[in-house]
Every structure is written in C-alpha cells, then in structure tokens.
1. Suppose only helical runs count, i.e. DSSP H with n ≥ 4. What mean residue ellipticity at 222 nm does that imply for the chain under -39500 (n - 2.57) per run, divided by all residues and rounded to the nearest 500 deg cm²/dmol?
2. Residues of the range 83-100 with amide nitrogen under 14 Å from the 7 Å Cα-to-Cβ point of Leu58?
3. Lysines near Lys80 by alpha-carbon distance under 19 Å, same-chain residues fewer than 8 away left out - which ones?
4. Given a Förster radius of 22 Å and the C-beta distance between Thr18 and Asn95 as r, what FRET efficiency does 1/(1 + (r/R0)^6) yield to the nearest 0.05?
5. What does the charge count near Arg152 come to, summing +1 for each Lys or Arg and -1 for each Asp or Glu among other residues with Cβ under 14 Å from its Cβ?
6. With no solvent and one point per C-alpha, what does the Debye sum give as log10 I(q)/I(0) for the range 1-53 at q = 0.24 Å⁻¹?
7. Going by average Cβ density within 10 Å per residue, which order do the peptides 80-93, 32-45, 157-170, 102-115 take, highest to lowest?
8. Just tell me which lysines come within less than 23 Å, Cα to Cα, of Lys24; anything on the same chain fewer than 8 places away is out.
Amino acid sequence: MIPENAFFHGTVIGGLDTILANAKSHVDGSKVAYFTTDRVYALVCCRSRQENFVTMGLRDGIQTYFERFPDQLKVLYDGKEGFIYRPVSAETLKNTRGHSWESSVDVPVVLLEHIPNVYTEILKEEEAGNVIIRRYADIDPDEQKEVANHMRDGLNDPLCFPAYRDFVYEHFSPLWD
C-alpha cells in the first residue's frame, strides 16, 4: 500500500477536516471521495464546480495539460487559492486507475498545503518537468475548432447544469463555427 502522505486531494475549500464521499465514481457511478498520488493533478482540481473542466491526462507517463480555449490555464487558476489535503489514513482508498483512488466512505484529512496562487504553482510544476502544458496557440487550428464545436454540441445535455453551461458559453462561443 502507498503511504498516507503520498495521497492528495485538491480543492478551493479551506478548513476541511473530512473529504466527503459525495463525488460520482468514474468506475460505477457510486458516491466516493477522490484522492490522487499525483500532486499536479491535485493542483488542477483546485477549481470551482462551474469550472469543472479538467483537460489533463497522462501522455507517455507525464501529466499533459491541454488548453482548449485561449489562456485557459490562466483564466481558471490565476489569482485563485487552493488547498491540498492528505488522508489521515489510506485504509479505505482503492486504486481505480493510474493515479486515481476512491473511497466509498468519508475520509478524515489534514491540511497539507495552502496554495495562494494555483496558476503560479502549476507553472512551477511545469518548470520542474512534472507537467507539460500544451498552450492553445500551439494546438492545431482544426483540433481547436473540433473541441469548440464539441463543447457547443454538449450544451443541450440534460446533465449540463446552468453554471457550467454559462462557463462553456463564455469561453467557447467565440470559437464556434
């Protein structure tokens, strides 16, 4: 088992002593509390619910962040504080895929780190070689358009809640066909 101090939970909420099992599992849809063994991934989880737009994943063994609209990283994280917690015990955590771990019960935590500016911290991780950031301007224009139109086409999904719909419209509508 991985030691407790190797797990991270990133959020914009300070003062927590428990991470509630209230997120939807990517495995079976049940309610879970999420943790990761990747600090960079925990950093990108330090965002609001309406900005639940994570465009990062492992590519050739390293986290790669893809901007899907101009200055996405800066827009989502600059000037925003975050908090990284670690579990008191990893006893209930189960590995679901790669660096992702889930618990079906609430998990007591301790504050590991307060991040005054998440954007600055992500850029430090990029400089250290822990994440590759693919800036929007460097992505093929056809791919840019494909992603923007895909976002437009998903606006009528019944699971698309109003605040997220507003987020998509604000950042993607200038990019649509």
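1. -7500 deg cm²/dmol
2. Of the residues in the range 83-100, 95-100 have backbone N under 14 Å from the label point off Leu58.
3. Partners found: Lys124.
4. Computed FRET efficiency for Thr18 and Asn95: 0.55.
5. -3
6. Treating every Cα as an identical point scatterer, log10 I(q)/I(0) equals -1.17.
7. Result, highest mean first: 32-45, 80-93, 102-115, 157-170.
8. Hits, sequence-local ones excluded: Lys94.
Quick note: the coordinates plus some simple rules give every number you see, no bench work behind them. Bear in mind the structure is a predicted one, so any value in this text is a computation, not a measurement. Cβ atoms come from the backbone with ideal geometry, glycine included; neighbour counts cover every protein chain shown.
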